[in-house]
Each structure stands twice: as C-alpha cells, then as structure tokens.
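> Got a structure for you, questions after.
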Amino acid sequence: MLTVSHLSLSRGNRRLFSDVSFSLMPGQWLHLEGDNGVGKTSLLRLLCGLGVWEQGEVTWKNQSIVQEPENFRSDLLYLGHQLALKEDLSPLENLRADALVAGRDGSVDRVMAALGQMGLRGREHLPVRVLSQGQKRRTALARLLIRRAPLWILDEPFVALDAAAQNALSSVINAHLNDAGMLLVTSHQPLSLQGQALSYRLTA
C-alpha cells in the first residue's frame, strides 16, 4: 500500500499545497485532480523521490520511502511530461537500453511486442527524432509493458494520443489494475478505467 500523510510543500513564499493525505491499495487507481498551477506535477515528483517535502510522510508497504528508497523505486514506474527518449536512437534501442539499465528483460522480441501493442509496428527502427509527438509518447508509454512495477505514477499519459492510442493505453492500464496493480494519475480528460476508482482534489 502507498500511504501519503499530511504532505505539505511551498515554493519560495508561496504554499503549493498542504495536509495532503490519501492511500492506495492493490487494484485501486487514484485520479489526482486540481486547477493548473496547484502543484499536481510537483506532488507526483515528490512521491517519486525527486524532491523534498516540508512536512508529512510517505510510506510504501509500511516503510518510509525516505528510509527505504531503493525498495520503493524498484516497485515504481513513473512517466512524466518529459519522455526521456534519446532522439538519435530508435524506439527499439531506447526501450532496450531502459530495460537493460534497470535490470529487466530487454530482449528484442519483448520490446518489439510492446511497441507493436502501442501501435508502433513498422516504426521500431526509425530514429525517434522523425516520429510525431504522439508516436514519441507511445514509445515512452510502451515502457509500461516492459517494466512490471506494481505502482504506476503517470502524469497526463493521454496527452497527444489519438483515439486508437488512448484505447490501447486504457487496455494496458486495465490489465495492470486487474493484476492487482496500482495507479496514481493526472489527466484533464475524463477517465473510465477498471478497478476501484478514487479521486483526490489538490488545492493550495
């Protein structure tokens, strides 16, 4: 279980959010909502260990993610606004490198299957720089099919995707939730996913 307790964060003299508390259990997904600028992305980055909060605590499997960061990170997959793709490499090369660095199965067959499922068949060997923005995002999202992490934190994953890609991504997420996975997600689009839906509205 992921538990967030009384988390607060300021930026300069401005309080972004305070007293944020929620929990997430296997098979559940939580839609993090809020107006632009209230700190949704900042909160997600904090939960991934990419920042320091002022007050509160975050635990994973009843252990503080500050005290046991490696255990948490090994169970986490985070995809943010930055796609973290090398433009001169192909989708296949990018995902194989990601998998191998993380100690995961980066076999050609597995990566090719993931890219095909995300609608990139025939584009696996092209340099990422020649792909459309939607194709680049689908390349990054194919990581979801390669890394079997129980907790997914996704920041606006449906942005720049056409209807077919949105359906493909929804299917991937539903399979994750049906396999007792957990999801924390931001999205300006309405979400209809399987599993137990939760929501939390972030305010300053």
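> What is the spread of the Cα atoms of the stretch 41-96 along each of their three principal axes, largest first, in whole Å?
Principal extents (largest minus smallest coordinate, Cα): 41, 21, 12 Å.
> Name the shape class, rounded, prolate or oblate, that the alpha-carbon gyration tensor gives for the stretch 13-68, where a ≥ b ≥ c are the square roots of its eigenvalues, rounded holds for a/c under 1.5, and otherwise prolate holds if a/b is larger than b/c and oblate otherwise. Display every interim value, and only then the final one.
Details: a/c = 2.10, a/b = 1.25, b/c = 1.68.
Taking the square roots of the gyration eigenvalues as a ≥ b ≥ c, the stretch 13-68 is oblate.
> Counting only protein heavy atoms, what percent of the accessible surface of the stretch 21-176 is carbon or sulfur at a 1.4 Å probe?
Numbers: 3550 of 7300 Å².
The computed percentage sits at 49.
> Let me ask another. Just the Cα atoms of the chain, one point each, no solvent: what log10 I(q)/I(0) does Debye give at q = 0.12, 0.13, 0.16 Å⁻¹?
Listed by q, the Debye log ratios stand at -0.62, -0.73, -1.08.
> Which value, in Å² and to the nearest 10, is the accessible area of Trp29 when all protein chains are kept and the probe is 1.4 Å?
The value for Trp29 is about 10 Å².
> Something else: Using +1 on the beta carbon of Lys and Arg, -1 on that of Asp and Glu, and nothing else charged, what's the dipole of the chain about the Cα centre, debye to 20? Walk me through the intermediate numbers first.
Values: 21 positive and 19 negative charges, 64 e Å.
Using Cβ point charges on Lys, Arg, Asp and Glu, the chain gives about 300 debye.
> For a test of the definition: using alpha carbon positions, the gyration tensor, and the 1.5 limit on a/c, classify the stretch 107-172 as rounded, prolate or oblate.
Numbers: a/c = 1.63, a/b = 1.10, b/c = 1.48.
Oblate is the answer for the stretch 107-172, as a/c is 1.5 or above yet b/c matches or exceeds a/b.
> Hey, if you put +1 on the Cβ of every Lys and Arg and -1 on every Asp and Glu Cβ in the chain, which of Leu9, Leu191, Gln166 ends up farthest toward the positive end of that dipole?
Result: Gln166, furthest along the dipole toward the positive end.
> Same structure again: Counting heavy atoms of the protein chains only and a 1.4 Å probe, report the per residue accessible area for the stretch 1-150 as a whole number of Å². Let's see the in-between values first.
Numbers: 7580 Å² over 150 residues.
I get 51 Å² per residue for this part.
> Once ligands and nucleic acids are excluded and a 1.4 Å probe is used, how much of Val130 is accessible, expressed in Å² to the nearest 10?
Probe radius 1.4 Å; accessible area of Val130 about 90 Å².
> A further question follows. List the aspartates and glutamates whose Cα sits under 13 Å from the Cα of Lys40, skipping any in the same chain fewer than 8 residues away.
Asp155, Glu156
The values are calculated or read from the model by the stated rules, or taken from the named source; none is laboratory data. Predicted model only: the values in this text are computed from it and were never measured. Backbone-built Cβ (ideal geometry, glycine too); neighbour counts: all protein chains shown. Protein only, heavy atoms only, side chains kept; ligands, DNA and RNA dropped before computing areas. Shrake-Rupley method; radii C 1.70, N 1.55, O 1.52, S 1.80 Å.
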